[in-house]
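To keep things clear, I will list the structure first and then write my remarks on it.
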Amino acid sequence: INPAAIVSIPRTTAIITEKAISINPRNVSIDKIKLLVSGKIKNYLTEKITLDIKTSGNIQSNLKGNIHTISQRINLDYIIPNYCTIPIPGFVNSKLQAKGNVAITGPMINPHLKGTFTVPFILMPDMLVSMSDMVINLNGPILKGSGSLKKFTSGGIVANNLSATFLLKGDMFYLSNITGKAFSGDIKGNIAYNIING
């Protein structure tokens, strides 16, 4: 729940047969991000449901794979094949560019994510923050992995060649084993950030 990001999903129509549900293209918005969602859900009356959902608009992506209803396990692939540029919900005049893919497997309630996203830039001018050439490697539960960042600026702070591991656990986001270069020297450290109260 975040009042800074308003999500709008209008009434959706679909064609339903015994073997598939076809979702007619439908506009969906997340703050200023505009998407056109369409796709198919096949074999929805069986123990192995197949998904093929596409988005176009600000984010061109594809979610494919299957859900095993009896074992409550998933095997999905989410792909953004080409770089897309989008605003960051809740931050005025912000934008980021990214592409990548992630495999989502295992139990529905705690799936394993494995994949890589490349982010050429993140700009948040109202906070005087910019980042360039970020690589995010996911490997574990939701938001667990490692990342690297070529350049980070915030006001008068400039840091280069940063790397760290990260983990989201409950309300806490942890950045561990941070290393990099700043102020003509080396930096090292750890950050624990409460995403609810900042």
### Message
What does the net charge come to around H68 if you take all other residues with beta carbon closer than 11 Å to its beta carbon, with K and R at +1 and D and E at -1?
### Response
+1
### Query
How much net charge surrounds E18 when only the other residues with a Cβ under 14 Å from the Cβ of E18 are counted, with Lys and Arg +1 and Asp and Glu -1?
+3
### Query
Using +1 on the beta carbon of Lys and Arg, -1 on that of Asp and Glu, and nothing else charged, what's the dipole of the range 5-88 about the Cα centre, debye to 20?
120 debye
### Query
Which FRET efficiency value, to the nearest 0.05, is calculated for N27 and I109 with the Förster distance at 30 angstrom and r the Cβ-Cβ distance?
0.50
### Net lengthening on full extension, T118/A14 (0.36 nm per residue, minus Cα-Cα)
34.0 nm
### Task
Using only alpha carbon pairs under 8 Å that are at least six residues apart, calculate the relative contact order of the chain and give it in whole percent.
9 percent
#### Entry: Percent RCO, i.e. relative contact order, over the range 7-78, from Cα pairs under 8 Å lying at least 6 residues apart
20 percent
### Query
What nm value, rounded to one decimal, do you get for the distance between K64 and L143 when each label is placed 7 Å out toward the C-beta?
2.9 nm
### Task
Be a star and scan the range 17-40 for residues whose amide nitrogen sits under 19 Å from the point 7 Å along the Cα-to-Cβ vector of A5.
27-37
### Query
Counting Lys and Arg as +1 and Asp and Glu as -1, each charge on the Cβ, what is the dipole of the chain about the Cα centre in debye, to the nearest 20?
360 debye
### Message
With the crude spin-label approximation of a point 7 Å out along Cα→Cβ, what separation in nm comes out for S38 versus K181?
### Response
4.9 nm
### Message
In the chain, if the dipole is taken from +1 on Lys/Arg beta carbons and -1 on Asp/Glu beta carbons about the Cα centre, which of L35, L143, P87 is farthest to the positive end?
### Response
L35
### Task
Summarise the accessible area of the range 1-86 (1.4 Å probe, protein heavy atoms) by the percent that is carbon and sulfur.
57 percent
### Summary
The local net charge around P89, scoring Lys/Arg +1 and Asp/Glu -1 for residues other than P89 whose Cβ lies under 13 Å from its Cβ, equals +2
### Query
Using alpha-carbon positions, what is the distance between the centroids of the range 145-198 and the range 1-43, in Å?
35 Å
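The values are calculated or read from the model by the stated rules, or taken from the named source; none is laboratory data. Keep in mind that what you see is a predicted model, and the values were worked out from it rather than measured. Cβ coordinates were reconstructed from backbone atoms using ideal geometry, including for glycine residues, and neighbour counts include every protein chain displayed. With ligands, DNA and RNA removed, areas are computed over all heavy atoms of the protein, side chains included. Shrake-Rupley method; radii C 1.70, N 1.55, O 1.52, S 1.80 Å.
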